[in-house]
Amino acid sequence: MMEPPSSSRCQLHGSASPMILRRCLFLLLLVLLSCCSPALAATPYLVGMGSYDITGPAADVNMMGYASAEQIASGIHFRLKARAFIVAEPDGKRAVFVNLDACMASQLVTVKVLERLKARYGDLYNENNVAISGIHTHAGPGGYLQYVVYIVTSLGFVRQSFDVIVNGIEQTIVEAHNNLRPGKIFVNKGDLLDAGVNRSPSAYLNNPAEERSKYQYNVDKEMTLIKFVDDGLGPIGSFNWFATHGTSMSRTNSLVSGDNKGAAARFMEDWAEENVIPNQAAHVSSGNPRRVSALISEPNEITDDLIRLASSFKASGGRQISGSNITRRIRSTQQNKPKFVSAFCQSNCGDVSPNVLGAFCVDTGLPCDFNHSTCNGKNELCYGRGPGYPDEFESTRIIGNRQFLKAVNLFNSASEEIQGKVDYRHTYLDFSQLEVNVPSSTGGQQVMKTCPAAMGFAFAAGTTDGPGAFDFKQGDAKGNAFWRLVRDVIRPPGPEQVKCQAPKPILLDTGEMKVPYDWAPAILPIQIIRIGQLVILCVPGEFTTMAGRRLRDAVKNVLTNSGQFDDNIHVVLAGLTNTYSQYITTYEEYQMQRYEGASTLYGPHTLSAYIQEFQRLATAMVSNKQVPTNLQPPDLLNRQIELLPGVIVDKTPPGVTFGDVSSDVPANSTFRKGSTVNATFYSACPRNDLLTDGTFALVEKLDGSNNWVPAYDDDDWSLRFKWSRPAKFSARSFATLEWTIPEDAPSGVYRLRHFGASKPLIGSIKYFTGTSSAFAVR
């Protein structure tokens, strides 16, 4: 090792000068501070954010979540996104967390994303340091999971749904990777009291009274938020975790939507556009505001001349265009332009409903039965009510807005800086036969096993967010003779499986059903990601409130007892991550066999298995040991069955062109803010082209005398794209654009524009557009 020049060394022998003594003391102080102060010793992070459109087919495809065959997509409420952050030590480890506006993660999606990342980056991103999580919206296209039970109602696998999610995740991570820059991360947390209620309180009450007394509420109210700050640009995004179901939109909704969490993300990114990104202008060399409408000046008043000007612009009629002329979404980024990414992630939402007014009988208006969630013995009549009841869109807005407002508060007040190393552990487990140490009745320990997956009778009863059918009911630990007979025709469970799953009466023995391929997963991933004092537990299912509390506490105890963490550790649970395996209840909740218990696939000791294995992961992480595994989940892509027919042909009536107006805006019309404008166009099936990063619907504003500027698109809360056929198998279709004019919309002259793609019987896809007549907005 080279020595410093003698003039800079601390020479204390002989008659040292005062200057040398001061230098030595200063150097000694620096050494002591660097050794003893975690803040000064902490390695700075590289942080990167990304997002991309993952909106799937907005027509013909069954939606994922309610398992209702009648819930078929027919338009867009607002678009779905993948959002990601990457945190890296400059010369060390890195971690990726992706949040999807989708019902849940998919094992097959995860496998294919990792394959693509390996092709791009080698071993930089892999199954150990990449987590992919879903927000649990029940209003996204289905068919992207690989196990049979999750794709029955979607008529099998839907390649278009699968591809857009895989592509979107890849592009999101690529963008985040390219955006890696030095930055800081802050963490904050606080309670949000009015965005979730327990939808299975009778099961929660079966947990020990002593345990329940530790908590003020029967659902988790705490939101944990991390704030990302670029050293040059300033704040660039935030991710938060909070538990509430994505079921503000009901099972009768047919518009693709991110539900309350997707809405909250949209609200926060728009808020940041107005309040955060303008402060970054000095750091940006080029680029325009993300919202083009921000450039439009508002006229002082709507004059008669302006109204006459509006009436001079008639519906354009449809015309063919090139695909490259489809307008990109207004929020789409351009090079060197700042982008704020905000994700509202899911947590232990298993028994948490956003329908906070409670569950009531639709026939009498009275509260539903407490133990079974029925009305006169029927589950079909018991529905939860959101805060905007009976308007599900308003309920979605309110619950989304409540999460957004809490996130803004935490974002603005975040002051605790995250410091420390990046680390992670990941493994695969066979949950169909996992040995678990559990307490015995004598006070000792006994070894039990998890079971092959199975769903109980109460699974078919549904929940108060989406009731089931027939005579199933929650809290059923017996089943009935007729449905047992039906079950036995499909596959009767063996005596060992019946004993293992007890007291669950088995309706579908999915873990032992293998025709035409696996009906349910057996090999599951579990994962821990550490970023300083933030620890993310990535779980492949829906933990109930108390199940999530037990898991977090168990891992926190391991970490704090290691001496590497103090009590200021933040442990969050990321639900529905990397794959999906339904619910995880406590042992006590399982005994009640409500929907969540009936959907706990691997038997009564499922939670104990998770706690045991997460403790092992946490112990390995603090001991700096690896977790070897010989297990891998199956890749069933080549075995998937697709029964949904493709688009054969699109047609219009004789003399009509795609994009022509079928029902126009009233002539010479003027609308006030808050009112709704709509126009209907002759259209074609949206499955012909998803217009990823584009738009099917656009509101344009007149800027000057003849220049139309995009103002709102189908990713805006205010603009809905509705698609329909006059008959189920008709080759004709219509697109209705419905714009509820925002209170903050600039007054002026507007029109509606539709984009689409039609499929001829022979030949390639043709793109088209058309506009409505213009109208004035006061």
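The values are calculated or read from the model by the stated rules, or taken from the named source; none is laboratory data. This is a predicted model, so every value here is computed, not measured. Here the Cβ positions follow ideal geometry from the backbone for every residue, glycine too, while neighbour counts run over all protein chains shown. The protein model used for the area step is the full one, side chains on, heavy atoms only, and it has no ligands, DNA or RNA in it. Shrake-Rupley method; radii C 1.70, N 1.55, O 1.52, S 1.80 Å.
Once the dipole of the range 598-713 is set up with Lys and Arg at +1 and Asp and Glu at -1 on Cβ about the Cα centre, which of 614, 696, 647 lies farthest towards its positive end? Checking the options against the dipole of the range 598-713, the answer is 614.
Within the chain, the longest run free of exposed loop sites, counting GluC sites (Glu not before Pro) that sit outside DSSP helix and strand states (H, G, I, E, B) and have at most 15 other Cβ atoms within 10 Å, spans 302-742. Each DSSP beta bridge with both residues in the range 522-612 is either parallel or antiparallel, and the antiparallel ones are about 45%. For the chain, the carbon plus sulfur part of the accessible surface works out to 52%, probe radius 1.4 Å. Protein heavy-atom accessible surface, 1.4 Å probe, per residue over the chain: 40 Å². Rounded to the nearest 10 square angstrom, residue 517 shows an accessible area of 10 square angstrom against a 1.4 Å probe.
Each of 736, 490, 117 was scored by the projection of its Cα onto the charge dipole of the chain, and the greatest displacement toward the positive side belongs to 117; charges sit on the C-beta of Lys, Arg, Asp and Glu.
Its Kirkwood hydrodynamic radius, worked out from the mean inverse distance over all distinct Cα pairs, puts the chain at 27.9 Å. A Cβ-based charge dipole, computed about the Cα centre of the chain with Lys and Arg at +1 and Asp and Glu at -1, lands at about 840 debye.
3J(HN,Hα) along the range 413-424: 9, 5, 9, 7, 7, 7, 9, x, 7, 9, 8, 6 Hz, from the Karplus curve 6.51 cos²θ - 1.76 cosθ + 1.60 with θ = phi - 60°, whole Hz, x for Gly and Pro.
For the range 204-262 and the range 107-128, what is the separation of their C-alpha centers, rounded to whole Å? After rounding, the separation between the Cα centres reads 27 Å. Distance between the C-alpha centers of the range 135-189 and the range 370-412? Whole Å please. Going from one Cα centre to the other spans 24 Å. Between residue 584 and 542, 543, 544, the built amide H atoms are under 5 Å apart, and every one of these is 5 or more places off in sequence or on another chain. Every helix of 4 or more DSSP H residues in the chain counts as -39500 (n - 2.57), and over all residues that averages to -7000 deg cm²/dmol at 222 nm. Close amide H pairs (under 5 Å, H built 1.01 Å from N) link residue 135 with 100, 102, residues at least 5 positions away or on another chain. Close amide H pairs (under 5 Å, H built 1.01 Å from N) link residue 436 with 448, 449, 450, residues at least 5 positions away or on another chain. Across the protein chains, with a 1.4 Å probe defining accessible surface, the residues 212, 120 rank 120, 212 from largest area downward. By DSSP, the beta bridges lying fully in the chain are antiparallel in about 85 percent of cases. Taking R0 as 51 Å, what's the FRET efficiency between residue 730 and residue 477 from their Cβ-Cβ distance, rounded to 0.05? The value I calculate is 0.60.
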